[in-house]
1. Output the peptides 133-139, 148-154 sorted from most to least packed, where packing is the average of other Cβ atoms within 10 Å over each peptide's residues.
2. Just want the answer: with Cβ charges of +1 for Lys and Arg and -1 for Asp and Glu, which residue in Pro117, Leu137, Ser79 is farthest toward the dipole's positive end in segment 66-147?
3. Treating segment 1-101 as a set of equal point scatterers at the Cα positions, no solvent, please give the Debye-formula log₁₀ I(q)/I(0) at q = 0.12, 0.20, 0.22 Å⁻¹.
4. What order do you get for 14-22, 57-65, 190-198, 91-99 when each peptide is scored by the mean count of other beta carbon atoms within 10 Å, highest first?
5. Leaving out ligands, DNA and RNA but keeping every protein chain, what accessible area does Ser205 have, in Å² rounded to the nearest 10, with a 1.4 Å probe?
6. Kindly state, as a whole number, the per residue volume in cubic angstrom of the convex hull around the alpha carbon atoms of the chain.
7. Quick one: angle between helix 50-70 and the longest Cα principal axis of the chain, in degrees between 0 and 90, rounded to 10, please.
8. Explain nothing, just compute: Karplus ³J(HN,Hα) = 6.51 cos²θ - 1.76 cosθ + 1.60, θ = phi - 60°, for every residue of segment 185-200 in order, whole Hz, x for Gly and Pro.
Amino acid sequence: MHSTVGPAETRTLLENVRWETYVDLADSRRGSVPRMTYFEGMLELMNPSRQHENIGCLIGRMVETYTEVQGIEIQSVASTTFKRQEIKKGFEADESDYVQHAEQIRVKEEVDLKIDPPPDLVIEVEITTSAIPKMVLFAAMGVPEVWRHDGEQLTMHLLSGGKYESIEESSTLPGYTIAMVEAILDKRFEIGETALIRSFRESLSLR
């Protein structure tokens with residue numbers, strides 16, 4: 001067992017964990033903490049603190065605001081556990097959404113990756129480095145687009161040919177750019193969250 005403690009996250013890595021053990025732990029836990037990531041026998045438990053959660057929630061609220069203003073239907077699945085036994089991988093994002101597949105998922109109580117697609121967009125805050133290769137995991141599970149924030153800046157990544165390439169504007173949410181997000185997040189220590197989202201909404205009306 002290895003533990004990493006940072007200012008925004010505490011990560012514990014367990015090795016040689018059976019798939020069945022991971023599933024039992026994920027299913028028996030109350031709530032979504034610790035967040036669990038499973039990768040071929042490695043199980044990482046991550047407990048976020050305020051900074052981590054604040055960044056993730058703000059980006060999630062901005063996605064909600066953007067899609068509302070633009071009239072884009074989404075299905076938010078937040079930090080739902082997504083797992084695939086056949087490839088021994090599973091994850092819980094900070095935020096995740098179905099966009100292109102929103103209507104397909106809307107009528108379902110639960111998502112089954114045996115028959116359903118993964119989320120169209122996954123948002124991951126990673127201020128301390130994970131021991132698990134997250135982008136390899138997301139690619140293996142077929143997540144089309146991943147946004148990552150390291151506590152200082154946001155990056156966007158689009159799956160192409162089995163690997164992720166960096167992009168400046170979202171493919172899942174056309175017109176939504178890194179610059180738009182960072183302009184709001186840069187002010188998070190200056191004004192309140194409601195004021196930030198109001199400012200973001202007003203900026204969209206001027207576009």
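1. Descending packing order for the listed peptides: 133-139, 148-154.
2. Leu137
3. Taking Cα atoms of segment 1-101 as identical point scatterers yields -0.47, -1.04, -1.15.
4. Values: 14-22: 13.7, 57-65: 18.6, 190-198: 12.1, 91-99: 23.9.
Packing proxy ranking, top to bottom: 91-99, 57-65, 14-22, 190-198.
5. 90
6. Details: hull volume 25.3 nm³, N = 207.
Convex hull of Cα atoms, per residue: 122 Å³.
7. So the inclination is approximately 50 degrees.
8. 4, 5, 9, 5, 8, 9, 9, x, 5, 4, 5, 4, 5, 4, 4, 5
The values are calculated or read from the model by the stated rules, or taken from the named source; none is laboratory data. Worth saying up front: this structure is predicted, and the values here are computed from it rather than measured. Positions of Cβ are backbone-derived with ideal geometry, glycine not excepted, and every protein chain shown enters the neighbour counts. Surface areas here come from the heavy atoms of the whole protein model, side chains and all, with no ligands, DNA or RNA. Shrake-Rupley method; radii C 1.70, N 1.55, O 1.52, S 1.80 Å.
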